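Derivation of every value follows stated rules applied to the coordinates shown; laboratory data play no part. Small disclaimer: the values here were computed from a predicted structure and weren't measured. A quick note on method: Cβ atoms are made from the backbone with ideal geometry, for glycine too, and the neighbour counts reach across all protein chains shown.
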Amino acid sequence: MTRISFYILKGSVEHDRQVFACRLIEKAYKQGQHIFVHTENAEQTQQLNNCLWSFRADSFIPHQLAEEASQPDNTILVGHDSKPPRLMDLLINLAAEQPAFFSSFNRVAEFINDDITIKTTGRQRYQFYQQHGYALETHKI
């Protein structure tokens, strides 16, 4: 069964939330995991794409936008209106709702910060997962 991890972050700046996501992506990438990052919309997809290139000067995280994926076997895909082309290990959800395909992943990572909208929708997702019997973990960062 899919394991769900909630990361509770301080502050309400979206960029900080994305930087934390990049750190987790980098860690999972180095462990050989295949990662799909689900974003809210095209703007957030592009922001995360830019963040993955620049969040740390000494880091390189090869990734592709799901909509442009010329190599569907790429280890890291980022998208907002598509599902992963194949089974992958980790879903990072930056959208307000959990995508319909979340249960096909071994693990889902959710990031909650102090922004009232993100906190409210995060609570709703937490309740959804809890009501459906998923194993939940909470990490205060």
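By its C-alpha gyration tensor, with a ≥ b ≥ c as the square roots of the eigenvalues, how is the range 1-83 shaped: rounded for a/c under 1.5, else prolate for a/b larger than b/c, else oblate?
Judged from the Cα gyration tensor, the range 1-83 comes out rounded (a/c under 1.5).
Legend: calculated FRET efficiency, VAL13 to GLN127, from the Cβ-Cβ distance at R0 = 41 Å, rounded to 0.05, equals 0.95. Using a cutoff of 8 angstrom between alpha carbon atoms and counting only pairs six or more residues apart, the relative contact order for the range 3-140 works out to 39 percent.
Translational diffusion coefficient of the range 28-141 (Stokes-Einstein, Kirkwood radius from Cα pairs, 10 °C, 1.306 mPa s): 107 µm²/s.
Taken along the Cα-to-beta-carbon direction at a fixed 7 Å, the label points for LYS27 and SER103 span 2.8 nm.
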